[in-house]
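Some notes on the structure that comes next.
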Amino acid sequence: FLLLQLFGTIVWILVASTRIPLPLLQGWVMFVAVTAWFLSIVFLSVFLFGYANRIALNWNQADFIFHGATFVFYFGAFLLQAATTSLHHFPRKFNSTAQERILTGHEYNISIAASV
């Protein structure tokens, strides 16, 4: 859970530090990172404060389902972030004479790190 929180926080920082060229795609990445981070804190709190002993639930199964769902959502977020990163060489506005890229060189590197 601590690694999930650490890497989720790193994704927040990296995605939030770029200009958001495609808000819908990167918004989903942020939603997944924030939701997984929050739910992992809730899950960790349940175990730390002893509520797991009071709640009659198969915790092994709940843990498996939580991490399975987190994997699926993070993998989808990875695909969207990687797709956004792959568009870095396209111009921001096709009709403009200025060839401003969707992602600058620095933002491209940050976006690669967020994808990984």
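Bear in mind these aren't lab numbers, they're just calculated from the coordinates by the rules spelled out. Just so it is clear, the structure is predicted and the values come from calculations on it, not from any experiment.
The figures follow:
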quantity: Under-5 Å amide H pairs with residue 101, H placed in peptide plane, nonlocal only; calculated: 92
quantity: Residue-by-residue Karplus 3J(HN,Hα) for the range 43-51, coefficients 6.51, -1.76, 1.60, Hz, glycine and proline x; calculated: 4, 5, 5, 4, 7, 5, 8, x, 6
